[in-house]
1. Report the residue count in the stretch A:126-171 for those that are within 30 Å of A:T269 (Cα to Cα) and surrounded by fewer than 20 Cβ atoms within 10 Å (Cβ to Cβ).
2. Do the conditions hold for A:S174, that is, is it of a type in the set (S, T, N, Q), within 20 Å of B:F111 (Cβ to Cβ), more than 7 Å from chain B (Cβ to nearest Cβ) and crowded, with 22+ Cβ neighbours inside 10 Å?
3. Restricting attention to strands (runs of 3 or more DSSP E) lying wholly within the stretch B:33-121, give those where 3 or more residues are under 30 Å from A:P175 (Cβ atoms).
4. Considering the stretch B:81-98 alone, what residues qualify as being more than 9 Å from chain A (Cβ to nearest Cβ) and surrounded by fewer than 20 Cβ atoms within 10 Å (Cβ to Cβ)?
5. Can you run down the residue pairs with Cβ atoms below 8 Å, 6 or more apart or on separate chains, where the first is in the stretch A:136-162 and at positive phi and the partner is aromatic (F, W, Y) and surrounded by 18 or more Cβ atoms within 10 Å (Cβ to Cβ)?
6. Which numbered condition in (1) buried (at least 18 other Cβ atoms within 10 Å of the Cβ); (2) modelled with pLDDT of 95 or more is the only one that B:R119 fails?
7. Do any residues in the stretch A:1-27 that are farther than 13 Å from A:V62 by Cβ have Cβ atoms under 7 Å from those of residues that are part of a strand (DSSP E or B) and small (G, A, S), where the two are at least six apart or on different chains, and which pairs are they?
8. Condition (residue is free of Cβ contacts under 8 Å to residues at least 40 places away in the same chain, touching a His at 6+ places or on another chain (Cβ under 9 Å) and away from chain B (no Cβ under 11 Å)) applied to the stretch A:187-210: is it met by at least one residue?
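The values are calculated or read from the model by the stated rules, or taken from the named source; none is laboratory data. Small disclaimer: the values here were computed from a predicted structure and weren't measured. Cβ: placed from backbone, ideal geometry, glycine included. Neighbour counts: every protein chain shown.
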Amino acid sequence: MPEFEPIVGRYFTMNVAGDACRIYMEEAGRGLPLVCLHTAGADARQYRHLMCDRAITDHYRVIAFDLPWHGKSNPPVGWRDREYRLTTELYIETVRAFCRALGLERPAVMGCSMGGRVVLHLALTHPDEFRAVIALEGADRLEPYYDLDWLHRPDVHGGEVSAAFVSGQVAPQSPDEFRWETLWMYTQGGPGVFKGDLFFYWYDGHFDDRSPRIDTTRCPVYLLSGEYDSSCTPERTAATASRIKGARATVMPGIGHFPMSENPALFRTHLLPILDEIRR
Amino acid sequence: MSPGVDHIRERVNARDALVRRGRYVSLAFLLGVGDQEYVVTIDRGRVTSVEPRRLATSTGRFTIRAATPAWEEFWKPVPRRDHHDLWSMLAAGIVKIDGDLLPLIQNLQYFKDVLAAPRDA
């Protein structure tokens, strides 16, 4: 027999905003549930290293799922005639539907990039449903710097351009193997999906006017951002932290926008103390 | 010629995989390093010449410009943040891009790697 990894993948169907969504999820470990949310235009494979880390899985049930339209989760029936566009409300409802479907009781939730942003929304709108939120590369306000229409048009390869847009978001110090594995997921995204995600990440998800209302005594907030992140920069992370009373922010030197997949060995040194704190 | 610019042709052409990825690229673009502009000419992924722009009519499909110190930092083996990647420089407002962006975007990773090629020293 081969030496199997401890990750187990399964499919199920859940209802989100009137659609029956066939979802792919992976999990490993036992203990407190830790739900992990992937970045825009990617999928749950980004968390594979965490799921194979005994220091984490001895204490946490680590669960990651592909959002509808992503990875091995299907788009809703009728997708051909829809333009995919992730909104704040839809994203919040999708994460809550997933946690309900699995019967998770006050899970911790960690998301990266757009996932890092939505966990802040969750801390604001549903603080009692989550034990704590960890926002990786997540800010309450960002500034767009390129035209999203480039991501979905017939004369540009959507997968290649998505990967090329984000390739500089991996820190130069990160191992090449993991840099290109991270980018491979971007080359595999469905047409228009990264663009639809960025609608939430760059436009719909701004809430710096409301983030000061997050109550970290009900739901602790941790912010972890990479030094080389060009969108959720260290400055924007600090600005977000300054608006959320009690939020704990850390800038991770030598890491970019994809800490868990671009440099898992370095990332765990920042994550493990937080996970220890959350379960105590 | 700026030392980084001077190395682009030889470094790109020495990388077969990079030339292969650029096999559908045949064009000229302008590279601005401070006040100096260079015409970079590419034929099927190979850089055939990098010449200072001498005539006002010598131009390219698109132009990529940044200050000299920005390129010097970009060409270091491990540049500091905001200088480590063309698109990161764009996000930080350090580089300006003009002209017909379609061929640039269609081959974005190729052009990123062409510009970063002097790092291979």
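1. 7
2. no
3. Fully inside the stretch B:33-121 and qualifying: nothing.
4. Within the stretch B:81-98, B:I94, B:K96, B:I97, B:D98 qualify.
5. Within 8 Å, the pairs are A:E137/A:F258.
6. Result: B:R119 passes all but (2).
7. A:T13/A:A20; A:Y24/A:G9
8. Yes, there is a match, as at least one residue in the stretch A:187-210 is free of Cβ contacts under 8 Å to residues at least 40 places away in the same chain, touching a His at 6+ places or on another chain (Cβ under 9 Å) and away from chain B (no Cβ under 11 Å).
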